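Structure, as structure tokens:
The values are calculated or read from the model by the stated rules, or taken from the named source; none is laboratory data. Keep in mind that what you see is a predicted model, and the values were worked out from it rather than measured. Cβ placement follows ideal geometry from the backbone for every residue including glycine, while neighbour counts extend to all protein chains displayed. These area figures cover heavy atoms from the full protein model, side chains too; ligands, DNA and RNA do not enter into them. Shrake-Rupley method; radii C 1.70, N 1.55, O 1.52, S 1.80 Å.
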Amino acid sequence: MSALQKIEMLLEVKNLKTSFHTRNGIVRAVNDVSFAIAHGETLGIVGESGSGKSVTCYSLMGLVPQPPGRIEGGTAIFAGKTDLLNCSPKELNAIRGRRMAMIFQDPMTSLNPFMRIEDQIVEPLLIHGLASRAEAVRQAVQMLEHVGVPDAAKRIRSYPHEFSGGMRQRVMIAMALITKPDLLIADEPTTALDVTVQAQILELIKRLQAETGMAVIWITHDLGVVAGFCRRVQVMYAGRIVETAPTEKLFANTRHPYTRALQKSIPALQPKGTELYTIPGMPPDLSRPTGGCAFAPRCEIARPECSAKLPELLEVGLQHCSRCPFT
Amino acid sequence: MLRLITKRLFETIPVLFIVATLTFFMMKRAPGGPFDSEKQTTPEIRAQIEAQYGLDKPVWQQYLDYLGHLAQGDLGPSFKYAGWSVNELLWSAFPVSLELGLYALAFALTFGLIAGIIAALRKNTWGDYVPMSFATFGICLPTFVTGPLLLLVFASWLTWFNASGWEQPRDRVLPAITLGLYYTAYVARLTRGGMLEILSQDFIRTARAKGASEWRVVWRHSLRGGLLSVVSFIGPAISGLVTGSLVVESIYQIPGLGKFFVMAGFNRDYTMVMGTVLFYAVLIIVMNLLVDIVQVWLNPKLRFE
Amino acid sequence: MSPPQPITEVEAGHSLWQDAWLRLRKNKMAVAGAIFVLVLALASLTAPFMPGLSYSNQNLALGATAPSAAHWFGTDDLGRDQLSRLLYGGRVSLSVGLAATLVSVLIGVLFGMISGYIGGRLDALAMRFVDILYALPFTIFVILLMVIYGRNIYLLFIAIGAVEWLDMARIVRGQVLALKKQEFVEAARALGLRKRRIILRHMIPNVLGIVIVFSTLIVPRVMLTEAFLSFLGFGVQAPQASWGTLIQDGARSWEEFPWLLFFPAGCFSLTLFSLNFLGDGLRDALDVRASKD
């Protein structure tokens, strides 16, 4: 443990294990994941679909559908007090939506089509008893304007289907931030949007983070997005963290072969004219654990022992850990 | 909204016209008249009666007369109950049937919704299996089976209720249950399905992420969308309640429109049969229109289409 | 109801039908339902050839008796054997079920197929027509028919069949619309096959599965309508009996002779259950959507 990590963390996750019990066996979606995030920090969680990055955050928010999902173990201490994984629903509800908010991938389906925008945005304030209805509406209009919804006072009376995708994501952001949370979890909030809108939303969250000093966990499959935004990055593969480091270090001194492969597949970082790199093979079937390194079948530098024993997540530099002993 | 209503009303007119025409000519082609049973009638008296009811005129004129009266809401005189018009008979019997139908519908909606919501929230547990097994039975059992069986158990063996009649408030219980049972079961199934679909939507996850309690998730976020299919079922349900009331009113000896209609059928009281059919058609069309309006009101997306 | 997905061949080894058969066999309720209906149908069919079974033999001296060794299901007030009447009633009810279903399937398939195949404005008009018919109290029209033209079992077939075709028309239309966009139909058209030939050789075989499924679901509905009419006195006439008239007789004397109500009601309900389970089972077995996940 370095001296830096001794300061009180906003959220400390230890040995989180989440699995899904399906007809085809137990899918270990998140396997022994530990990490921490400090007040005001930005953490990027990167990985392919099915790497467990979203399920990690859903577990923290208590949003894993149970059944089939099950949180098998671990702790997640929020603000040094509440264990999000083992507290009562009441305690959890007092935190989520108030001190810890989340925005989702698809703004088209994440807003309730049967309710006016107004009723949805003021809801966090009303649920947590932070304002009267009138005051809540006033704050909601202000917040909408702040996230760049034009003519907010009028449009707040609309229904979601009257908004474009980008505008809906702005509404989602306004809704998440209206209680001034300490932590925002953003689950690929730009993936479903047009490229130009993506950049706007990214900028918006950056700006809001700078203003409010909240911590942000940014889930993405795009290392490029992380590079411009997050202070620290954590790469996940097959339900486990394979590498974690401050962003500059990760890019300057990439250790894990999977992270290297990911980096190679960012088009912008490659010389013009070269063929786009793709990682060979398919992500592993999480219902059939191999016992060894999950990336071994696709790894360019794999050795026989890689498939036999799971490598440890070892410290390879200051605040830099990697789950590959051969790099 | 106003456009929807006017559009529907304009659609109604040709439908009613077709129904009226069809029933009129079916009746005209019918073998045997309403006065056949009165054997003593001499040809003179018979002619006199026919003239009195306008039956001596050519068919096309009778048809036009009938349509003319119909346009004014007049369904003509009853062939069987001398001195009574069909309108008077309808209005004397309809309130009873309406009362029965409303009780049945209220019963079906109350218990169907509760059972369906519980089943959806307790999916794949006993709280789901028990009500849904009952629903499966309820859907398969017709009124003319449940009615006599309920009588057997609750009126004959347990003697909690009277076997027939429509005087005391408790006389309403068994008929309403008999008529409403099928719809209770159907509503429960629809509610469960609708709620399960809504509860699996992304926006429910959003609501949970806001810290909404389970209660709030159900009431504020799910119910409206989950009940859409139930609302659209109310239209056909009303049509079915009308048909079901024929049986239920016969079983429990209730002096409602259904019983009148069946009697009129036996007595070959043609104007009464026709009048009732038309009345039922209007009733069902109007109720369907109301259901459509409720549906649009419930689903904001439809308001713009 | 969303238009059902077209049923496409399952690749490799099993044909769609074999696959469906395997799945159906696993569904215990459906198999039990099928067995019950088959046994009942067989018993009803062979009833006239069984010695000692008669629906009309009266024994006024005997009167109504509770179930006994001689009369398993008891006798009615005219001393008629209830089991015999139940089996003979089954003949009527089941034959109405089959015949009226046939009529409704014929109308529904033709209507739906033509509407879906021709498409365009005719289709829109036809479907609006179906919508309007949905809103009408059809059973009441059947009563009207029975009142006017007398109680005749053939009229009953046609009248009930003419009521229950709406769902079938909608389903078949949806199926045809989906099929029309499929490549092999396009190919057939590109080859210059005539419309009638396309319909006969390509559409009908592909619509068959879904028609079979929904037909099994129509049978109980049709039997219900028949029993409903007979119960009200607008169905088959005495001394012939259907389950509906038997239930009506039972309902009239339930206080003294509950077995007269219990057995026909039970038999009828069990048949409805069985047919519904069989229909649901077939739907699950043949439905591609359900078998994918």
Discussion item. How high is the relative contact order of the stretch A:221-313? Use alpha-carbon pairs under 8 Å, at least six apart in sequence, and give a whole percent.
Written reply: 23
Fill in: Inter-probe distance in nm under a simple model that places probes 7 Å from Cα toward Cβ, at B:Trp84 and A:Glu211
7.6
Worksheet item: In whole Å, what are the Cα extents of the stretch C:74-291 along the three principal axes, biggest one first?
Response: 71, 41, 26
Practice prompt. For A:Ala134 and A:Asp119, compute 0.36 nm times the residue count separating them, minus their Cα-Cα distance, and round to one decimal in nm.
Written response: 4.2 nm
Item to complete: Report the local net charge at A:Thr190: Lys and Arg +1, Asp and Glu -1, summed over other residues whose C-beta lies under 14 Å from its C-beta.
Response: -3
Worksheet, complete the sentence: In deg cm²/dmol, rounded to the nearest 500, the helical mean residue ellipticity at 222 nm of chain B, built from -39500 (n - 2.57) for every DSSP H run of length 4 or more, is -23500 deg cm²/dmol
Item to complete: For chain A, report the translational diffusion coefficient in µm²/s to the nearest whole number, using Stokes-Einstein at 25 °C, 0.890 mPa s, and a Kirkwood Rh over Cα pairs.
Response: 118
Fill in: Surface accessible to a 1.4 Å probe, B:Ser250 within the full protein complex, Å²
40
Item to complete: Return the sequence-ordered ³J(HN,Hα) values of the stretch A:191-205 in whole Hz as given by the Karplus equation 6.51 cos²θ - 1.76 cosθ + 1.60 applied to θ = phi - 60°, using x for Gly and Pro.
Response: 4, 8, 10, 4, 4, 5, 5, 3, 4, 4, 5, 4, 4, 4, 5
Discussion item. Students sometimes get this wrong: rank B:Lys123, C:Lys180, B:Lys57, B:Lys210 by accessible area, probe 1.4 Å, all chains present, largest first.
Written reply: B:Lys123, B:Lys57, C:Lys180, B:Lys210
Worksheet entry | Selected from A:Ile279, A:Ile103, A:Ile173 as most flexible by GNM, with chain A as the system and alpha-carbon contacts under 10 Å | A:Ile279
Response to the item:
For A:Ala38, other-chain or 5+-apart residues with amide H closer than 5 Å (H placed, Pro excluded) are A:Leu10
Worksheet, complete the sentence: The answer for the net charge of residues other than A:Leu10 whose Cβ lies under 12 angstrom from its Cβ, with Lys and Arg +1 and Asp and Glu -1, is -2
Worksheet item: Is chain B rounded, prolate or oblate when judged by the Cα gyration tensor, a ≥ b ≥ c being the square roots of its eigenvalues, rounded requiring a/c under 1.5 and prolate requiring a/b larger than b/c?
Response: oblate
Worksheet, complete the sentence: Expressed as a whole-number percentage, the relative contact order of the stretch C:74-291 with C-alpha contacts under 8 angstrom and at least six residues apart is 27
Response to the item:
Sorting C:Leu208, A:Leu193, A:Leu126 on solvent-accessible surface, 1.4 Å probe, most exposed first, gives C:Leu208, A:Leu126, A:Leu193
Discussion item. For a quick check, take a GNM of chain A with Cα springs below 10 Å and name the residue from A:Ala186, A:Ala238, A:Ala38 with the largest mean-square fluctuation.
Written reply: A:Ala38
Item to complete: Just read off the accessible area of B:Phe266 with the full protein assembly in place, 1.4 Å probe, to the nearest 10 Å².
Response: 110
Practice prompt. Please give the net charge around C:Phe138, taking every other residue with its beta carbon less than 13 angstrom from that of C:Phe138, where Lys and Arg add +1 and Asp and Glu add -1.
Written response: -1
Discussion item. Using protein chains only and a probe of 1.4 angstrom, how many square angstrom of C:Glu164 are accessible, to the nearest 10?
Written reply: 30
Worksheet entry | Extension gain (nm, one decimal) between B:Val130 and B:Arg29, 0.36 nm per residue minus Cα-Cα | 31.1 nm
Worksheet item: What share of the DSSP beta bridges in the protein assembly as shown is antiparallel, in percent to the nearest 5?
Response: 65
Worksheet item: Once amide H atoms are built 1.01 Å from N in the peptide plane, which residues 5 or more positions from A:Thr18, or in another chain, come under 5 Å H to H?
Response: A:Ala29, A:Val30, A:Asn31, A:Asp32, A:Glu72
Discussion item. Spelling out what I want: for every residue of the stretch B:132-142, take phi, set θ = phi - 60°, compute 6.51 cos²θ - 1.76 cosθ + 1.60 (Karplus), and round to whole Hz; glycine and proline get x.
Written reply: 6, 5, 4, 4, 4, 5, x, 6, 7, 8, x
Discussion item. Can you list residues from other chains, or at least 5 along the same chain, whose modelled amide H is less than 5 Å from the amide H of A:Tyr237?
Written reply: A:Val242
Worksheet item: Under 24 Å Cα-Cα from B:Lys80, which lysines qualify once same-chain neighbours fewer than 8 residues away are excluded?
Response: B:Lys28, B:Lys39, B:Lys57, B:Lys259
Worksheet item: Most fluctuating residue of A:Gly73, A:Gly281, A:Gly166 in a GNM of chain A with Cα springs under 10 Å: which is it?
Response: A:Gly281
Worksheet item: Using θ = phi - 60° and the Karplus curve 6.51 cos²θ - 1.76 cosθ + 1.60, what whole-Hz ³J(HN,Hα) does each residue of the stretch A:312-327 get, with Gly and Pro shown as x?
Response: 7, 7, 9, 6, 10, x, 5, 6, 10, 10, 9, 9, 9, x, 9, 10
